[in-house]
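In what follows, a single structure is set out as C-alpha cells and then discussed.
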Amino acid sequence: MKLNLPFVNKSPIDQEGAVSQSARIAFLKVLGVAIVITVGFYFLPIDYREGATTKLVIDIVTTLFGVFLLFVPQRKPKYLPIIYNALLLMLIIAVVANYRHQQADLAILAMPMLSFFLLSQAGGIVWSLIGFLVLLVGIFVYNVPELVNYTVHYLGIAGVIFYYQRIISTQVSIINQKNKQLEGANQKLRDEVKQRKKAEDKLRKEKDRIALIVSSMGEGLVVVNKKQEITVINPAAQRLLEIDSAQDVLGRKWTKVVKTYKDGEKISPKERSFNIALSKGETILTKMEKDHYYQTRNGERFPVSSITAPIISAGEVTGAVKVFRNVTREKREKEIIEKEVKERTKEVAREKAKLLASINSLPLGYFLIDPKHEISLMNPAAKDILGKEDWDFKSLKDTFGKHNIDISAFCAHCRGTNSTYGIDETDFKNKIIKIISVPVKVKRQIVGSVVVMEDITESKLLERNKDEFFAVASHELRTPLTAIRSNTAILEEYYSEKFKEKQLKEILDDMHTSSERLIDIVNDFLNVSHLEQGEVEFESEQFDIRGLTEKSIKSMSQAAIQKGLKLSIDKKPENQLIVKGDRTRTEQVLINLLDNAIKYTDEGSISVRIQRKGDYAQVEIEDTGVGISPKNQKLLFRKFQQAGEKVLARDVTQGTGMGLYISKLLVQKMGGKIFLLDSKPGKGSAFAFTLPLAKDK
Amino acid sequence: MTKTKSQVLIIEDDEIMARLYEKIFALNGYETVIGYGGKEGVEKAKKLNPELILLDLMMPKIDGFEVLDQLKKEASTKNIPVVVLTNLAEEENRIKAMDKGAVKYLVKSEFEPKDVVKQIKAVLSENSEDSEADD
C-alpha cells in the first residue's frame, strides 16, 4: 500500500525521471494558477449560490471534468500526476473558500473532489474508505442531501477511474517496459552497428595489407574462379609470365594464358594443377624435381616450383590460388651439388675400396668389433687363423673362450683404458698367436675395437726349436768335450814326462786349452739357454755387496797383476751396503765385468766404486782400456756380441762374447739394471750395475 | 782275500767316458771294472761284488733308475754304495735317485772327473770305516 504524495514522492505511475520532471513543472504552473484563483475566490464577493445557472455550470463542469478524467489517463498518462495535483489544490481552495465564505456549496464541490482525489491517488481500499467517510462526513455535517447525488456519481466515476487506473498503470508500465526494451534494443543495435563498423574497418585494413603483400611478393600469385578464369594476378606473376598488363589476362582462362610443359611436352588440361585443385579440392605441390616448365607470353620456357590450393568457403570449392616461382638457378645449383656429391662419393668409395683391399691383403688377421658386439669387418687372414668363414660375435667369443681368452673383456679393457692391450703369445687351436686389441676412435669417441691376430706359430716354433737345439746341442757337446779335456788333463798331469819334446808339449797344451775354451763356450750357451727359459732358480738373500766385491777383486787380482794393471776399490765411509739378490750370481756378474776390464785394458788401472743410488746400490767398474766406439756401444749386452773395435774381427781368444748378455740376464732377474756408464775409444770404459737395497732398516 | 786296491764298478754306456774314468780312477789308486750298459753292469756287479758302483743314469736300453732298482733288489748287490753320475741336473731326478738308494748324486756339469774321484774317495773311506768295524 503506497502513498505517493505528489509534492513529496513520485506518483506510482510516474517512474521516469523525465516524466516527473515535466509533471513537476506542470504542477508548478497549475499551482501558480490555483494561487491566483484562490486569491480571487478569497477576495471576490461573488455569491454564486444564487442562480441555477451557476449550479448547472458547476454540474456540467464537474461532469465534463469527470469525463475528461476518464479519458485523459488513457491518452496521456503522463499528465495524470498534474491533474491530481491540480485537484488537490482545488480542493484546498474549496475548503478554504468554503470556510471563508461560509458557503456550504463549496463543500459540495470540495468534498467529493477531495475524496475522489484521495481515492485515485492511493488506489487502495483503505484510502477508498477514507474517501467514502469524508463524503459521509460532508453529507451529514454540512447537511447537504444533494451530496448523495454527487456521491453516487462520484463513487461510480471513482470506481471506474479506479478500475481504469489499474489498467492504465499496467499499460503504462507495459509501455514503459516496452520503451525500456526498445531503448535496450536500440542500444544493442547501436552497439552492433559500432561493432560491425569496427569489424569492417579491420577487414578493410587486412584487405589493404594483403593486397600490399600480394603486390610486393617475390613469387607469382594467381587466383582463379571455379571456371579457371583468372581473378587475381600479382605483379610478380606478371613479370614471370611476361604479361604487360593485368587487364590482359583477368577474366581469361588460365589454361589459355599459360601452357605447362613436362619433358618437352605439353601437359594435358586434366593433369594441370588448377584442374585437380578445383575438381578434387586437393593442394598440389609441384617441386623442382618434377621438371615442370611454364611458357611465357613471349614463348620462353622456365622451370617452376608451385603450390596450388583450392579456396573453400562453406564447404564448397569456389576457386583456387597458385603461388609459383622460377627455379632456374636452383636447378642449376642442385645439379652442381649433385655432381659434386657423386664425385665425392666415388672418391670415398675408391678410398674405401683401397683400404678394404689393404686390410684384406694383410697377412695379419684383422677384425673390427663395434661396441654393440657385432663384427663389422673381418679379413680373410683372420678367417684363416680362426679356421672358419662365417663368424658372429657369440661364436667368436665361445671359440676364444675355449682357449681361455675372454674376447669381450679384451675389447672392453682396451676401450676402457683407451690403449692397446694384448697377449704376446697364446695357444689357439694348434697354432701360436699374438693378439692385440686397439680402440677405434672417431673424433675422440670410441666406436669399437680392432683386434689384430698374428700367427706366430712358425717363428715361435723356430725360436723354441732354436732354443731346444741349443740346449740339446750343448748337452750333447759336453760329453765329448769333457772327454777331450779330461784326457788332455790326465796327459798333462800324469804323463808330462812322456811329453818332454817341446813340440809335443805344445800340441798337448793347445789341445787342452782349446777344449777348455770349448767347454766354456758350451757352458755359456747352456747358461744363457737356461736363463732365457727361466729354468734357473735364484736365491733371494741379503748380503753385503761391498764385501762380495772385495772378494771378487781379490780373486781377479792375480790376473790384473799379470798384465801390470792396478785393481782397486774406493774407500768409503760406509762399511757395509746390504743388498737383496743371489750372491753366487752377483759374484758371477762381478767376475764377468772385472774380467772384461782386465781383458780390454793393456795398461793403467781398474777402479771399482760402490755407492747408494736411491733404493739401489750401484757398483761401478772403470778401466783405462781401449774403450768402445759409439757405434759398438749400441751392440753391448746383446747375445753374441763382442764390443771389440771391429765387429767382424771378433777376438776368438776372448770368450764367447756372451758374458755381458748373461750378466744382463742375471742382474735383471735380481731386479737391477746393468749399463755402460761412459766410454771413450782410447780412454777407457766404465760399466755399472745396480741391485735393490735390502728393505729392513 | 784281501784287496789292496778298492774295486769300483763303472756302469756307463759311453766307451770313451768309461775309459776316461778308468784312467782317472787307476791314477788315483783304484781298480776299476766297466760294465757297458745296464744289463752288463748288473751282471758284473753280481759277479764281482765291487766296493762301489758309479752309475750313469742316461743309458739306452735300460735306464739308470731301473739299474738302481735291480741292484737294490738283488741281495748280493743291494749293499754296494751307488754313486750316480749324470747329466741330469733336475732336483726331481736327484730325489728319485736318492730315494732309490743312491748315496750320492753328482751332476757331470758341476763335477770334473777329478772331483768325482774325490767324492768317491769320501764315500769309500766312510764305508771302509764301517767295514773295518765289521772285520
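None of the figures in this text is laboratory data; all of them are computed from the coordinates on show. Predicted model only: the values in this text are computed from it and were never measured. Methodologically, a virtual Cβ is constructed for each residue, glycine included, from the backbone with ideal geometry; neighbour enumeration extends over all protein chains shown.
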Zone reached by a paramagnetic label modelled 7 Å from residue A:467 Cα along Cα→Cβ, restricted to segment A:401-439 with backbone N below 16 Å, covers A:424-427, A:432-434
FRET efficiency for residue A:226 and residue A:182 from the Cβ-Cβ distance with R0 = 35 Å, rounded to 0.05, comes out at 0.15
Here, GluC sites (Glu not before Pro) of segment B:34-134 satisfying both criteria (DSSP loop; at most 15 other Cβ within 10 Å) are B:74, B:90, B:110
In nm, the gap between the two label points placed 7 Å beyond Cα toward Cβ at residue A:571 and residue A:335 is 10.2
Residues other than residue A:319 with Cβ under 12 Å of its Cβ, Lys/Arg counted +1 and Asp/Glu -1, net out at +1
At q = 0.11, 0.14, 0.18 1/Å the base-10 log of I(q)/I(0) from the Debye formula over the alpha-carbon atoms of segment A:217-351 is -0.44, -0.65, -0.97
Once residue A:245 and residue A:425 are pulled to full extension, the length gained, defined as 0.36 nm per residue separation minus their Cα-Cα distance, is 55.8 nm
At q = 0.22 1/Å the base-10 log of I(q)/I(0) from the Debye formula over the alpha-carbon atoms of segment A:499-613 is -1.23
Here the gain from full extension of residue A:443 to residue A:605, 0.36 nm per residue of separation minus their alpha-carbon distance, amounts to 52.1 nm
Placing each pseudo-label 7 Å from Cα in the direction of the beta carbon, residue A:391 and residue A:615 end up separated by a distance in nanometres of 4.1
Taking the alpha-carbon centre of each part, the distance from segment A:454-516 to segment A:519-580 in Å is 25
Stretched fully, the stretch from residue A:404 through residue A:298 gains (0.36 nm per residue minus C-alpha distance, one decimal, in nm) 29.8 nm
If R0 = 41 Å, then residue A:193 and residue A:279, at their Cβ-Cβ distance, give a FRET efficiency to the nearest 0.05 of 0.45
The FRET efficiency for residue B:58 and residue A:496, from their Cβ-Cβ distance with R0 = 41 Å and rounded to 0.05, is 0.75
Low-density loop trypsin sites (Lys or Arg not before Pro), segment A:202-232, at most 14 other Cβ within 10 Å, DSSP non-H/G/I/E/B, are A:226, A:227
When all Cα-Cα pair distances of segment A:448-574 are considered, the percent exceeding 20 Å is 71
Segment B:1-125: Kirkwood hydrodynamic radius (Cα pairs, Å) comes out at 14.2
Loop-resident trypsin sites (Lys or Arg not before Pro) in segment A:255-354 with no more than 16 other Cβ atoms inside 10 Å, DSSP not H/G/I/E/B, are A:287, A:297
With T = 25 °C, eta = 0.890 mPa s and Kirkwood Rh from C-alpha pairs, the Stokes-Einstein D of segment A:412-510 in µm²/s is about 130
